[in-house]
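Written below as structure tokens is the structure these notes are about.
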Amino acid sequence: MKRIVGVFLIIVFSAILGQADVVVLKNGDRFTGTFVNISGGNLEFNSDAAGSITIPLNKVQSLSIEKPVAVVVKGKHAVEGQLQLEPSGNWQVTANGKSQTVAASDVETIMPEQTYNGLVEHKAKPWQDWKGNASLGYSIQRGDQQTSTISSAVAAVRERPEAPIFIRHFRTNYALTMLFAKAQQNGALVQSNTISTNLREDYLLSPRDFVFALGQLDHVQAQGLYLRQIVGGGFGHDLIHNSRTIFSLLGGLTYVHEKFYNGLSDQSAQALVGEKLGIQLTKWMRLDHYLNFYPNLTNTGQYRFDTASTLAIRLSNHLSLNTGVVDLFLSNPTPGNKKNNLAFTTGVGYNF
């Protein structure tokens with residue numbers, strides 16, 4: 001019985017060893033373990049003896065990987081199959097009994113097929129993949145005049161994680177700005193409330209080009225505006241898109257319906273020209289800014305714009321101090337109201 005158990009353990013142990021990936025260097029060194037990826041001319045490998053190691057490819061004599069891999073080729077779909085390093089330094093990929101050679105100069109990265117498919121076939125629930133910031137501020141004054149102000153803002157983006165190759169996908173942008181101000185003196189009460197919320201859905205045609213559809217609702221009591229409804233769409237392009245900075249330009253058409261407190265209402269077609277900037281200034285400081293300009297195509301000569309800038313200083317992984325400015329401009333406000341509605345805000349933010 002002991003002999004049978006011993007033979008069984010030897011078979012199991014041999015099978016486990018047989019599943020290990022193997023790297024042999026030109027100097028004769030040999031590592032067994034698990035292949036991680038190949039990128040930038042280096043091999044990432046988890047060695048059973050040495051732990052996580054990085055090996056320049058020009059030092060590798062041979063590479064044996066048990067499981068299929070995905071070879072990501074510049075400007076093309078990945079090539080999947082069993083991998084073998086040729087003496088020339090190029091890669092041979094075999095799948096379904098057919099082999100093809102991929103030039104080393106054309107390869108962006110090589111990773112396990114399972115890892116690659118997990119990144120490419122990413123699926124998320126509606127509440128997942130959101131990144132952004134929500135802030136809340138409150139101030140009071142008590143004396144001859146009693147005032148109170150509440151400000152709140154939300155800026156969030158939902159986009160699938162970056163994949164080894166570009167995949168056309170949707171990107172959701174949401175923004176909300178609320179400002180509730182009340183002042184009372186000698187029995188007289190003055191209120192000024194502003195609410196602006198918009199949702200923009202992008203469809204990325206390439207890493208930098210996208211089409212979009214948007215919807216927006218505005219309530220600006222200081223300008224006599226009861227409700228503004230906006231729907232539209234257009235085209236956008238990221239002039240800068242890297243890990244620290246995204247700078248986008250927008251252009252399109254919108255349909256606008258406005259209703260004012262004095263009972264007047266208006267409908268018009270308006271063009272849209274805009275820009276959006278997000279930049280990580282330092283590890284702990286971030287600036288977000290947007291500007292949308294709407295020339296009126298129905299009533300030429302009239303226009304409006306809305307712009308906002310927010311500076312966030314991170315206190316911890318989730319908390320930050322935020323300060324910002326919001327400017328809503330209308331060239332033709334109702335009589336008795338000013339064209340500009342400018343607000344400065346401060347508050348504590350939550351990063352997610």
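Rule-based calculations on the coordinates, nothing more; no lab input. Predicted model only: the values in this text are computed from it and were never measured. Cβ coordinates were reconstructed from backbone atoms using ideal geometry, including for glycine residues, and neighbour counts include every protein chain displayed.
Here is how the numbers come out for the structure above:
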{"read-out": "Dipole magnitude of region 19-120, debye to nearest 20 (Cβ charges: Lys/Arg +1, Asp/Glu -1, about Cα centre)", "value": "180"}
{"read-out": "Ser39-Leu199 FRET efficiency (beta carbon distance; Förster radius 41 Å; 0.05 resolution)", "value": "0.65"}
{"read-out": "Whole-Hz ³J(HN,Hα) from phi, Karplus 6.51 cos²θ - 1.76 cosθ + 1.60, for region 200-217, glycine and proline x", "value": "10, 10, 9, 10, 7, 7, 8, x, 10, 10, 8, 9, 9, 10, 9, x, 8, 10"}
{"read-out": "Cβ charges +1 (Lys, Arg) and -1 (Asp, Glu), total dipole of region 118-171, debye", "value": "200"}
{"read-out": "Distance (nanometres) between label positions extended 7 Å along Cα→Cβ at Val22 and Leu321", "value": "6.1"}
{"read-out": "In Hz, Karplus ³J(HN,Hα) per residue of region 176-188 (6.51, -1.76, 1.60; θ = phi - 60°; x = Gly, Pro)", "value": "9, 10, 10, 9, 10, 10, 9, 10, 9, 8, 6, x, 8"}
{"read-out": "In region 41-124, the trypsin sites (Lys or Arg not before Pro) that fall in loop regions by DSSP, at most 12 other Cβ within 10 Å", "value": "Lys74, Lys76, Lys123"}
{"read-out": "In degrees, nearest ten, helix 2-18 long axis to first principal axis of the chain (Cα)", "value": "60"}
{"read-out": "Mean projected area (nm²) of the alpha-carbon convex hull when the chain is viewed from all directions", "value": "28.4"}
{"read-out": "DSSP-loop trypsin sites (Lys or Arg not before Pro) across region 282-352, with at most 15 other Cβ within 10 angstrom", "value": "Lys283, Lys338, Lys339"}
{"read-out": "Cβ charges +1 (Lys, Arg) and -1 (Asp, Glu), total dipole of region 59-165, debye", "value": "200"}
{"read-out": "In range of the label at Asn299: residues from region 175-218 whose backbone nitrogen is under 13 Å from the point 7 Å along Cα→Cβ", "value": "none"}
{"read-out": "Selection of chymotrypsin sites (Phe, Trp or Tyr not before Pro), region 92-181, meeting DSSP coil and at most 12 other Cβ within 10 Å", "value": "Trp127"}
{"read-out": "Rel. contact order, % - alpha carbon contacts under 8 angstrom, at least six apart, the chain", "value": "9"}
{"read-out": "For the chain, with +1 on Lys and Arg beta carbons and -1 on Asp and Glu, the positive-most of Phe210, Leu272, Thr115 along the dipole", "value": "Thr115"}
{"read-out": "Gained length - Ser331 relative to Asp209, 0.36 nm times residue gap less alpha-carbon distance", "value": "40.8 nm"}
{"read-out": "R0 of 51 Å, Cβ-Cβ distance Glu121-Ser192: FRET efficiency to nearest 0.05", "value": "0.55"}
{"read-out": "Rounded to whole Hz, the Karplus (6.51, -1.76, 1.60) HN-Hα couplings of region 39-49, x for glycine and proline", "value": "7, x, x, 10, 9, 9, 9, 9, 7, 4, 9"}
{"read-out": "Contour excess over end-to-end distance, with Cα ends at Leu264 and Glu159 and 0.36 nm allotted per residue", "value": "33.8 nm"}
